[in-house]
Each structure stands twice: as C-alpha cells, then as structure tokens.
Amino acid sequence: MALKSRLESLAAKFADDIFVALRSASIHEIEGSALRRPPGQEPDVAAQISAPKRRREARTRSSSRRGAHVESTVNTVTKVLEEHPAGLRAEHIRKAVGGDARELRRQLRIGLETGAITKQGERRATVYSLGRGGPTSENA
C-alpha cells in the first residue's frame, strides 16, 4: 500500500505543477509549444496541406477521372438510346446501363453538353433521346 499511496501523491503533485505552469504561461507560449516538434522528428505532411488545397486536389482527381471512363459511359448511354428512338427516362437508362444514379446524372449532363443527348420534359417526366450529333465522335 505504501507504493500505491506514493504513486498517487507523485501524480497529484505532477498534475498540480502542470496547472501552475499553464496558469503562468501566456496563450502564445502554449500555442507555440504545441506547434514545435522535437528535434529529428519528421513533419507531418498531411498537416501541412491546407483543407482548401485538399479540395482542389480532389477536384483535379475528379476531373481526371472524366477522361475515357466517362466518355465510354456516355457512349454506352447513346448506344442504348439508339435502340430506343422514342427516348427513355433516366431510370430506364440506368437499368440498361447499370451503375449508380448519381454517376448516370453526370453522364447525362455531359451528353447534353456535348449534344450527343437531348432531353424533353422536366423531373420524372424527362425523356432522354439521341441528340443531333448522335454518338460521340469516337463511336462514329
């Protein structure tokens, strides 16, 4: 029991000394000590990258994904629309193509921007059909 009581008193004294040191320090000293690394320790690279920069990098990765994958999916959508000259709703295109609804919305938007796909109607009544340009140039 003597060891246990000795450890408890040392821990209490240590905690009291920490509180005294913190109370007597300025906020700038406390912030500065939290930012310093011990000598020889490597900096944390992830901590050096700011959040806005991470978002920019995420956009760059996202836009680089557009490349061939998105174009091939748009081509797949145009092939499905070729088989249905009257057009299809988005849910029927998704069933025919497979995949995620959010991904399909992006492919439809790109197809609309390029002229490969046209749309009529609004919301659930929207019908997508083959655009004037037909399939994108890689399929032609």
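Just a few scattered comments:
- Selected residue (criterion: nearest to R132 (Cα to Cα)) from residues of the range 69-107 that are within 20 Å of the chain's Cα centre (by Cα) and not basic (K, R): Q107
- If only residues of the range 85-111 that are without any contact (Cβ under 8 Å) to a residue 12 or more places away in the chain and on the phi < 0 side of the Ramachandran plot are counted, the one that is surrounded by the most Cβ atoms within 10 Å (Cβ to Cβ) is R94.
No lab work stands behind these numbers, since they all come straight from the coordinates. Worth saying up front: this structure is predicted, and the values here are computed from it rather than measured. All Cβ positions, even for glycine, are placed from backbone atoms using ideal geometry, and neighbour counts span all protein chains on display.
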